[in-house]
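Since the structure comes first, as structure tokens, the remarks are kept for the end.
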Number of protein chains: 4
Amino acid sequence: MDDDVQTRIKASFARQGAMQTIGAELTQIGHKMLEIELPFHDKLTQQHGFLHAGVISAALDTACSYAAYTVIANDASLLTIEFKVNMMSPGRGDRFLFRGEITKPGSTIIVADGRGYAIGDGPAKLIASMTSTLMVIRGREDIRE
Amino acid sequence: MDDDVQTRIKASFARQGAMQTIGAELTQIGHKMLEIELPFHDKLTQQHGFLHAGVISAALDTACSYAAYTVIANDASLLTIEFKVNMMSPGRGDRFLFRGEITKPGSTIIVADGRGYAIGDGPAKLIASMTSTLMVIRGREDIRE
Amino acid sequence: MDDDVQTRIKASFARQGAMQTIGAELTQIGHKMLEIELPFHDKLTQQHGFLHAGVISAALDTACSYAAYTVIANDASLLTIEFKVNMMSPGRGDRFLFRGEITKPGSTIIVADGRGYAIGDGPAKLIASMTSTLMVIRGREDIRE
Amino acid sequence: MDDDVQTRIKASFARQGAMQTIGAELTQIGHKMLEIELPFHDKLTQQHGFLHAGVISAALDTACSYAAYTVIANDASLLTIEFKVNMMSPGRGDRFLFRGEITKPGSTIIVADGRGYAIGDGPAKLIASMTSTLMVIRGREDIRE
């Protein structure tokens with residue numbers, strides 16, 4: 001992993017106001033892979049007190065997008081075109097891990113898959129999966145980073 | 001629209017910590033339909049300064065889910081099984097509207113569609129759409145509301 | 001609707017071996033909209049004797065794609081990047097109608113929505129919906145039509 | 001793998017008219033996993049002569065569904081609620097392999113993931129992926145097998 005790529009991803013992640021707001025931390029950057037962790041907080045819940053599906057989506061979308069940043073050119077950027085999320089178990093737990101991985105790299109379209117887990121003392125519990133479609137963007141002033 | 005249903009939905013929405021955190025307001029409850037509005041804020045952004053896809057998903061998921069609450073029994077509840085979101089335009093604007101509508105009611109599975117718009121002085125601009133699949137839940141102590 | 005566009009779509013539809021195989025007919029071409037009809041046949045079923053979800057997907061994908069052909073340049077073509085289908089009622093009936101409509105046109109990415117209905121003497125019954133993401137293709141020898 | 005389960009799946013697969021029509025063969029049944037193979041044929045194409053996305057969806061849906069049959073009770077059946085398919089490379093090749101696997105078993109909802117490959121002399125090429133949501137059905141006369 002190129003240091004420049006790591007630096008770029010960390011700086012870009014830090015600009016995501018939404019990640020700050022939910023308290024997400026960028027914990028691992030690998031080749032075609034990235035992990036985010038998130039402590040549970042009451043401010044992130046749906047009506048039953050579980051992690052809100054939108055918060056899960058936010059973390060998975062960010063993990064998938066930055067996994068894709070590890071394979072694009074330095075002067076390119078990415079936009080999320082669409083994603084699908086399956087909620088497999090209620091988002092209960094003290095801490096959550098979200099991993100994004102590139103399934104299909106490409107010069108225009110990148111497909112990534114992500115999985116979310118509740119982590120604690122026992123084995124990690126799969127709570128959600130995402131498939132996301134990303135578009136590589138070049139030469140747009142408003143979409144640089 | 002039954003007053004009890006409205007009261008129930010408002011109380012349940014108020015328990016969604018995630019909606020408080022993003023600053024979403026429940027602005028309309030109709031038959032099989034519900035609207036949420038959200039002012040733009042820096043704390044809700046992705047790296048280019050647009051509304052984060054996860055925030056859009058959170059608002060659309062909540063709009064779709066509570067649209068479904070307008071058609072279920074008072075002692076039933078709902079869980080989101082899965083959804084798909086298409087991001088159609090960057091989430092730029094001062095204020096956003098998210099509308100959820102029931103496409104297919106059902107005793108076990110409900111399908112809802114949602115649309116998100118940037119609203120301002122001119123015509124509303126479509127920024128995203130969601131299709132979500134919800135499961136009607138009965139008799140579970142931890143999923144009451 | 002330009003006659004050239006209609007001619008082009010009809011010729012392209014006729015080249016879809018899969019549409020011939022399932023017995024689909026192109027019944028209406030409108031602006032940003034297209035309809036396909038399909039008679040029920042035993043050769044199109046899943047194990048319970050209903051229309052197979054893959055057949056429903058084939059018809060909806062074709063309807064959505066050609067709806068998009070009504071808005072692209074004559075020298076451009078389209079590829080389906082991805083779609084999501086919700087099966088709302090079992091595919092039971094003598095005849096089915098599939099309508100594709102453009103939700104968001106674009107120079108690179110087009111988003112279309114489709115709905116499938118069982119049609120007969122009574123009111124049409126909604127059996128499925130699709131959201132599909134299409135990519136506009138130019139200048140590729142193998143993707144011309 | 002219980003012989004009864006294998007027998008049941010083979011009999012059910014044989015009743016899928018759509019699988020006969022496209023020429024699909026059930027080539028492997030494993031625990032929570034199933035494979036289908038499909039020779040290329042002109043009758044399965046979209047307009048550019050590639051395998052139609054609907055045919056890919058049909059094979060992946062069947063592979064995912066029968067992967068789920070390996071984990072449900074003998075008196076239960078399954079219906080596809082929804083799926084999402086990403087088309088990653090044009091469906092070009094002499095022969096295709098579709099593998100479905102259970103990602104999340106459950107008493108009511110099962111989530112499966114599938115992948116499609118073009119196979120030949122060289123390495124298999126990933127052409128598509130699916131995530132599908134299945135509902136376990138019991139006690140319905142019309143949905144037995």
Kirkwood hydrodynamic radius, computed over distinct alpha-carbon pairs, for the protein assembly as shown: how many Å, to one decimal? 24.0
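Based on alpha-carbon atoms only, what is the radius of gyration of chain A relative to the globular estimate 2.2 N^0.38 Å? Don't jump to the answer; show the numbers that get you there.
On the way: Rg = 14.8 Å, N = 145, 2.2 N^0.38 = 14.6 Å.
Compactness ratio reported: 1.01.
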Estimated translational D of the range B:54-138 in µm²/s (Stokes, Kirkwood radius over Cα pairs; 10 °C; 1.306 mPa s): 121
Taking each label point as 7 Å beyond Cα in the direction of the beta carbon, state the distances from B:Gln6 to the same residue in the other copies, shortest first, in nm. 5.0, 5.7, 6.3
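Might you report the magnitude of the Cβ-based charge dipole of the range B:1-86 about its Cα centre, with Lys and Arg at +1 and Asp and Glu at -1, to the nearest 20 debye?
With Lys and Arg at +1 and Asp and Glu at -1, about 180 debye.
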Would you mind giving the mean number of other chain beta-carbons within 10 Å of the Cβ of each residue in C:114-127, as a whole number? 0
Measuring nothing but label to label, 7 Å from Cα along Cα→Cβ, what are D:Ile119's distances to the other copies in nm, shortest first? 3.6, 4.1, 5.4
Which Cα, out of B:Ile119, B:Pro39, B:Met87, lies furthest along the positive dipole direction of chain B (beta carbon charges, K/R +1, D/E -1)? B:Met87
Volume per residue, Å³, of the convex hull around the alpha-carbon atoms of the range C:95-145? 93
Of the options A:Tyr69, A:Gln28, A:Val55, report the single residue whose Cα projects farthest towards the positive end of the charge dipole of the range A:1-121 (beta-carbon charges: Lys, Arg +1; Asp, Glu -1). A:Val55
Ignoring any ligand, DNA or RNA, what whole percent of the accessible area of the protein assembly as shown comes from carbon and sulfur when the probe is 1.4 angstrom? 45
Accessible area per residue for the protein assembly as shown in Å², computed with a 1.4 Å probe and the full protein assembly in place, what is it? 37
Taking the chain alone as reference and the full protein assembly as comparison, with a 1.4 Å probe on protein heavy atoms only, the residues of the range D:1-35 that lose at least 20 Å² of accessible area are D:Arg15, D:Gln16, D:Gly17, D:Ala18, D:Thr21
Please state the charge dipole magnitude for chain C, taken about the Cα centre, from unit charges on C-beta atoms (+1 on K and R, -1 on D and E), reported in debye and rounded to the nearest 20. 300
Take the cross-link list A:Lys84/D:Lys84; B:Lys104/C:Lys125; B:Lys32/C:Lys104; B:Lys32/B:Lys125; A:Lys43/B:Lys32 and give me the ones stretching past 19 Å between alpha-carbons. B:Lys32/C:Lys104; B:Lys32/B:Lys125; A:Lys43/B:Lys32
If I stretch the segment between A:His31 and A:Leu126 completely, what's the gain in nm (0.36 nm per residue apart, minus their alpha carbon distance), one decimal? 32.0 nm
What percent do you get for the relative contact order of the range D:1-114 when only Cα pairs under 8 Å and 6+ apart count? 28
I need the inter-copy label distances for A:Thr108: point set 7 Å along Cα to C-beta, values in nm with one decimal, smallest first. 0.9, 4.2, 4.3
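Using a simple charge model, +1 on the beta-carbon of Lys and Arg, -1 on the beta-carbon of Asp and Glu, nothing else, what dipole does the protein assembly as shown show about its Cα centre, in debye to the nearest 20? Write out the running numbers ahead of the final one.
Working: 60 positive and 68 negative charges, 1 e Å.
Dipole about the Cα centre, nearest 20: 0 debye.
The values are calculated or read from the model by the stated rules, or taken from the named source; none is laboratory data. Since the model is a prediction, treat every value here as computed from it, not as a measurement. No Cβ is skipped: glycine too gets one built from the backbone with ideal geometry, and neighbour counts run over all protein chains shown. Only protein heavy atoms, including side chains, enter the accessible area calculation; ligands, DNA and RNA are left aside. Shrake-Rupley method; radii C 1.70, N 1.55, O 1.52, S 1.80 Å.
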